[in-house]
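Here is the structure we will look at, set down as structure tokens.
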Amino acid sequence: MQPTAVLSLLLPLVAALAARQDQQPGPCDPEPCYEVIDSAACWSAVLMGQEKNATKIFDCVPGGEEEMCRCYGCDSILDKFVVSHEMCS
């Protein structure tokens, strides 16, 4: 395989990663976001695909969607999931 062919295959991936790195992480204030941080076992199951409906992630915290959208930046993996699924505006 030509080096330019490999580069052309990797370019879209690099561009996507660079675009995400330019963004600031989602909101997080550790003290009020304790419930979201503490519910990691629940939302991790959603992130790992054990639950097919991505919006079930909101059921993991007592405050539901409002609380999750206020605190999803407390974890980088949760942040990427919420952003990639466009779950919070």
* **Under 5 Å, built H, 5+ apart or other chain: amide partners of G26** => G73
* Each residue of the stretch 68-80 in order: what ³J(HN,Hα) in whole Hz does its phi give by Karplus 6.51 cos²θ - 1.76 cosθ + 1.60, θ = phi - 60°, with x for Gly and Pro? -> 4, 6, 7, 9, 5, x, 6, 9, 5, 6, 4, 4, 4
* Structure fact -> Inverse of <1/r> over all distinct C-alpha pairs of the stretch 25-89, i.e. the Kirkwood Rh in Å, gives 11.3 Å
* To do: Read phi for every residue in the stretch 47-62 and hand back ³J(HN,Hα) as whole Hz from Karplus 6.51 cos²θ - 1.76 cosθ + 1.60, θ = phi - 60°, with x for Gly and Pro.
  => 4, 7, x, 5, 10, 6, 8, 4, 6, 4, 4, 5, 6, 7, 10, x
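Read-outs: derived from the displayed coordinates by stated rules, not from any lab. Computed from a prediction, not measured in an experiment: that's the story for all the values here.
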